């Protein structure tokens, strides 16, 4: 059984970094980090104390991806003045907007699980086996999705650790 208090002290900063990286919003990242440990607390009895760091990162990734999906499905009403203020403060707002449009076009025609697979392999550096277990596909299914995505993007390189 996991000692959650010790896990929070030891892995909390790592989980927060993961949440910041995926959500790109400090307040949302802190909330997501707390949700990770709440989720671990809910399942405390069934969790082993082996590979706690990997478990924390996996749960953090899932929590953040779920939040991103919810955000995309149910965008909040935004204050236009606040958006203009934020846009003016961003040094390279046009480049970010262009990047967001490009990513939307790249992943727009792909199943949502392909985006998840790409994050797990390329951002989280998970192996194909770990990614397959996370998304509920076979290793060959994950490999096929990544191959299709790389072909569509014109990228030839395998993610690190994905050669397994």
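The values are calculated or read from the model by the stated rules, or taken from the named source; none is laboratory data. A quick note: this is a predicted structure, and the numbers were derived from the prediction, not measured. All Cβ positions, even for glycine, are placed from backbone atoms using ideal geometry, and neighbour counts span all protein chains on display.
Suppose the filter is in a helix (DSSP H, G or I) and touching a helix residue (DSSP H, G or I) at 6+ places or on another chain (Cβ under 8 Å); does residue 17 pass it? Answer is no for this residue.
Among the residues of the range 36-50, those that are in a helix (DSSP H, G or I) and closer than 15 Å to residue 8 by Cα comprise 36, 37, 38, 39, 40, 41, 42, 44. Yes or no: residue 106 out of contact with any strand residue (DSSP E or B) (no Cβ under 7 Å at 6 or more places or on another chain), surrounded by 11 or more Cβ atoms within 10 Å (Cβ to Cβ), within 21 Å of residue 22 (Cα to Cα) and at pLDDT 85 or above? Answer is no for this residue.
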